[in-house]
Amino acid sequence: MLAEQHPRQYDGALVMCGFVAGGVTETAYAANARILFDYFFPSALPGDAFDVPIGLPYAPGSPLFGSIQNALIAGLFSSGQPTIQLGVTAHLPFRNANELIASILTVLGFNVRFTNDILARTHGGLPFDNTRSVYSGSADDVALNAVVQRFASDPNAIHYLSRYYTSSGALTIPVLTLHTTFDPVAPFVQEVTYSSTVTAQGAGSLLAQQSVSRYGHCAFKPEEVRNAFSALTEWVETGVTPANGDVTVP
């Protein structure tokens, strides 16, 4: 957004694992994961997606964190494998059991740490709506959609996040994005959304997108960051657009 709104102050921008699809999309990702967690693991985490007790002691090593981690591990082997169902229905990134559990713990932490901050900015209005959402991928989608918790949005809250926490795509300077393909905080699919947004603004020539095939949020090697910044610098100085695609350093 700095690159879009203040292009005279920058020559180019390197955006690493950004919430490039915007605040509404990112909020929905975290909220849906929390809502589905509450369905598959009821009462395991105090509150709900938009009612998080202030100061909830959720951090690695805390009793609450440990109990949720243990419940997720048990859910890999219990009837119906609720941990796997959760990962699939919430569209979390994972390639194995360890990554699945890490993704769930991470997105729950995002919900616990930042929900009250978001609500403070929207004066308590909900920037999320799942009243008509149809969740799929569980062992019984009919039962899931019949009882999963529903929330109605506040249009003013949606407008606030759309205006102040969502990129317009109207680029006038070079922007290079770098994103891990299995990012549990800012899903890689957001890059697809951002590309469409930029293209719709007629600024596709000013966007290059590179990926690193790895699990984690900004889990880059130093060489990958250095290479990306060098590519951006060359783009700004010579006009040579960086190649799109996988730039993983083995």
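Computed values, structure above
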| quantity | calculated |
| --- | --- |
| Interchain or long-range residues, amide H under 5 Å from residue 182's placed H | 214, 216 |
| Contour excess over end-to-end distance, with Cα ends at residue 8 and residue 95 and 0.36 nm allotted per residue | 27.1 nm |
| Distant-in-sequence amide H partners of residue 13 (H built 1.01 Å from N, under 5 Å) | 175, 176 |
| Highest-first arrangement of 53-59, 138-144, 170-176, where packing means the average Cβ count within 10 Å | 170-176, 138-144, 53-59 |
| Difference of contour (0.36 nm per residue) and Cα-Cα distance, residue 236 to residue 192 | 13.5 nm |
| Estimated [θ] at 222 nm from DSSP helical runs (n ≥ 4, -39500 (n - 2.57)) normalised by residues in the chain, nearest 500 | -14000 deg cm²/dmol |
| ³J(HN,Hα) computed for each position of segment 173-187 - Karplus, 6.51 cos²θ - 1.76 cosθ + 1.60, integer Hz, glycine/proline x | 10, x, 10, 10, 9, 10, 8, 6, 6, 10, 9, x, 9, 10, x |
| Value of D in µm² per second that Stokes-Einstein yields for segment 40-154, Kirkwood Rh from Cα pairs, at 25 °C (0.890 mPa s) | 160 µm²/s |
| Amide H within-cut-off set for residue 210, under 5 Å, with H built and near neighbours excluded | 177, 178, 179, 245 |
| Qualifying chymotrypsin sites (Phe, Trp or Tyr not before Pro) for segment 121-218 [loop in DSSP, other Cβ within 10 Å: at most 11] | none |
| Segments 84-92, 117-125 sorted - mean Cβ within 10 Å per residue, highest first | 84-92, 117-125 |
| Fewest-first sequence of 103, 213, 195 by Cβ atoms within 10 Å of each Cβ | 213, 195, 103 |
| Calculated FRET efficiency for the pair residue 59/residue 146, C-beta based, R₀ 35 Å, to 0.05 | 0.55 |
| For residue 213, net neighbour charge (Lys/Arg +1, Asp/Glu -1) across residues whose Cβ lies under 11 Å away | 0 |
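Readers should treat all values here as calculations from the given coordinates under stated rules, not as data from a laboratory. Since the structure is predicted, the reported quantities are computational estimates derived from the model, not experimental observations. Here Cβ is always computed from backbone atoms with ideal geometry, including for glycine, and neighbour counts include all displayed protein chains.
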